[in-house]
Amino acid sequence: MRTVVLVSGSGTNLQAMIDALHHGESPVEIAAVGADRPCEGLRRAEAAGIETFVVAPGEHADRAQWNRALEREVAARRPDRVVFAGFMRIVDADFVAAFPGRIVNTHPSLLPSFPGAHAVRDALAHGVKITGATVHEVVPDVDAGPILAQVAVPIGAQDTEESLHERIKTAERQLLVDTLDALGRQRAASPGDARAAVRKAR
Ligand code: GRF
């Protein structure tokens with residue numbers, strides 16, 4: 001399963017993919033890693049010998065042109081899957097339509113609770129006792145696509161946004177790896193519905 005991963009930050013989810021999937025027996029092959037800015041995630045890809053590219057919004061006239069440039073770079077790698085692994089940009093509906101049913105995002109909450117860029121902070125502020133991570137298909141509405149897999153993480157009385165996010169990320173990395181592995185195996189066996197593939201593998 002040729003996979004293009006998009007990142008914006010520290011890239012620990014990407015690193016988990018590299019460690020668990022890229023060099024092993026997994027059907028997941030990371031064809032390239034793209035970003036909207038120079039970041040640690042790109043450095044991790046380079047260290048693993050994976051091709052990288054950057055499509056920075058500041059170098060394009062408007063959001064639509066940035067989306068088209070990103071779409072061209074991703075499409076040039078002919079991916080079976082596109083993974084948003086801590087990619088902190090919102091893509092437009094045309095980008096989603098260019099890779100129908102093939103984009104997966106990881107999000108640090110139990111969707112549909114706490115969508116958006118401050119999911120961990122929002123969960124703490126709301127006083128929920130359990131949060132977690134969600135891997136889902138990307139649709140034009142933000143953090144709204146069909147859910148592929150989730151993991152729950154209890155919130156402790158002493159948790160700060162940082163401590164909670166670190167614990168979520170530990171669970172999230174494994175969830176992402178397991179889900180992509182399941183998608184890759186299902187694709188190798190027979191193409192079909194992504195959610196059924198994940199259900200079967202669990
Ligand atoms: C993850 O929790 C992701 O869900 C969120 O930002 C974090 C990215 O972490 N959007 P990393 O860059 O993979 O370390």
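Only the coordinates and a few stated rules stand behind these numbers; no lab work does. Because the structure is predicted, anything quoted here is derived from the model rather than measured. No Cβ is skipped: glycine too gets one built from the backbone with ideal geometry, and neighbour counts run over all protein chains shown.
Of note:
- Under the Karplus curve 6.51 cos²θ - 1.76 cosθ + 1.60, θ = phi - 60°, whole-Hz ³J(HN,Hα) for the range 19-29, x wherever Gly or Pro sits: 5, 8, 10, 5, 9, x, 8, 5, x, 8, 10
- Take 10-19, 25-34 and order them by the average number of nearby Cβ atoms within 10 Å per residue, most first; the result is 10-19, 25-34.
- Charge dipole of the range 2-201 about the Cα centre (unit charges at C-beta), most positive-ward option of Ala45, Val33, Met17: Met17
- Rh (Kirkwood; distinct C-alpha pairs) - the chain, Å: 17.1
- Glu162-Arg43 pseudo-label distance in nm [points 7 Å out on the Cα-to-Cβ vector]: 1.8
- CD proxy at 222 nm, helix term only [per DSSP H run n ≥ 4: -39500 (n - 2.57); per residue of the chain; nearest 500]: -12000 deg cm²/dmol
- Candidates Val74, Val128, Val83, ranked by Gaussian network fluctuation over the chain, Cα under 10 Å, top entry: Val128
- Each Lys and Arg adds +1 at its Cβ and each Asp and Glu adds -1 at its Cβ; summed about the Cα centre, the range 98-168 shows a dipole of about 140 debye.
- If both residues of a DSSP beta bridge must be in the chain, then about 40% of such bridges are antiparallel.
- Alpha-carbon gyration tensor eigenvalues x 5, square-rooted, for the range 94-153, Å: 24, 12, 7
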